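Before any comments, here is the structure.
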């Protein structure tokens, strides 16, 4: 049995800036300042880490973790409308076809999420496209700042949900950034990196040491053969 752990942003979907708009709106309403994001990379980062850096760069006084707990519910409240008003939001090429085939082979593949999003935000994002039913469990950015810990959570949650033990060499992380690759490597897992996020090319991803690199998740049979090795 193979465990496949999928990232969301840039891997499964693109939200046309919806996350940033909901984030900025909530941040301003709570703290009265536009978030300072210049030089801050959000690609592949966890929600707590992004918020902490943004909180500090913007010069907000107090404890960032307390600020984060205040920020989260308003951000989550703004996110659905932000996605709805993003005309270019989409599921990436090949994703639905691949997930349909994987879900139709429950004796061969188990699916989970592994994302830096807090779980309610993650579920809102893929729920907009009707993808939640593919992923009964996952690891999320509710607590952890480090991505490898999210992967460890995804494996643990999957083992509990499916009642199986997944060997590291039988577990794949599918993501679009160096953080996905390095998180997988630190957790001792394999990684398929896809250049659908807009920041990393296949050449850049290959240089991270990913086990496999593809332009996207199209060519379904080729992807399936990779996972079956």
**Complete:** From fewest to most C-beta neighbours within 10 Å, the residues 36, 155 line up as 36, 155
**Request:** Could you bin all the Cα-Cα distances of the chain into 5 Å bins starting at 0 and give me the percent of pairs in each, rounded to whole numbers?
**Result:** 1, 7, 15, 19, 20, 16, 11, 6, 3, 1, 0
**Asked** So if we plug the beta-carbon distance of residue 85 and residue 143 into 1/(1 + (r/R0)^6) with R0 = 30 Å, what FRET efficiency do we get, rounded to 0.05?
**Response** 0.50
**Complete:** By Cβ neighbour count within 10 Å, fewest first, 25, 203 rank 203, 25
**Prompt:** Is it possible to state the helix-based mean residue ellipticity at 222 nm for the chain, with each DSSP H run of 4+ residues giving -39500 (n - 2.57), the sum divided by total residues, to the nearest 500 deg cm²/dmol? What is it?
**Reply:** -14000 deg cm²/dmol
**Along each principal axis, Cα extent of the range 18-84, largest first, Å** = 32, 23, 18
**Message:** Among 118, 151, 204, which one shows the highest mean-square fluctuation when the chain is modelled as a Gaussian network with alpha-carbon springs under 10 Å?
**Reply:** 204
**Asked** How far, in degrees from 0 to 90, does helix 64-84 lean away from the longest principal axis of the Cα atoms of the chain, to the nearest 10?
**Response** 70
**Prompt:** Out of 150, 50, 30, any idea which swings most in a Gaussian network model of the chain, alpha carbons joined below 10 Å?
**Reply:** 30
**Prompt:** If you stretched the chain out fully between residue 164 and residue 20, how much longer would it get, using 0.36 nm times the residue separation minus the C-alpha to C-alpha distance?
**Reply:** 48.1 nm
**Item:** Exposure proxy order (Cβ contacts within 10 Å, fewest to most) of 207, 38
**Value:** 38, 207
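Any read-out appearing in this document is the output of simple, stated calculations on the displayed coordinates, not a laboratory observation. Predicted model only: the values in this text are computed from it and were never measured. Note: ideal-geometry Cβ built from the backbone for every residue, glycine included; neighbour counts use all protein chains shown.
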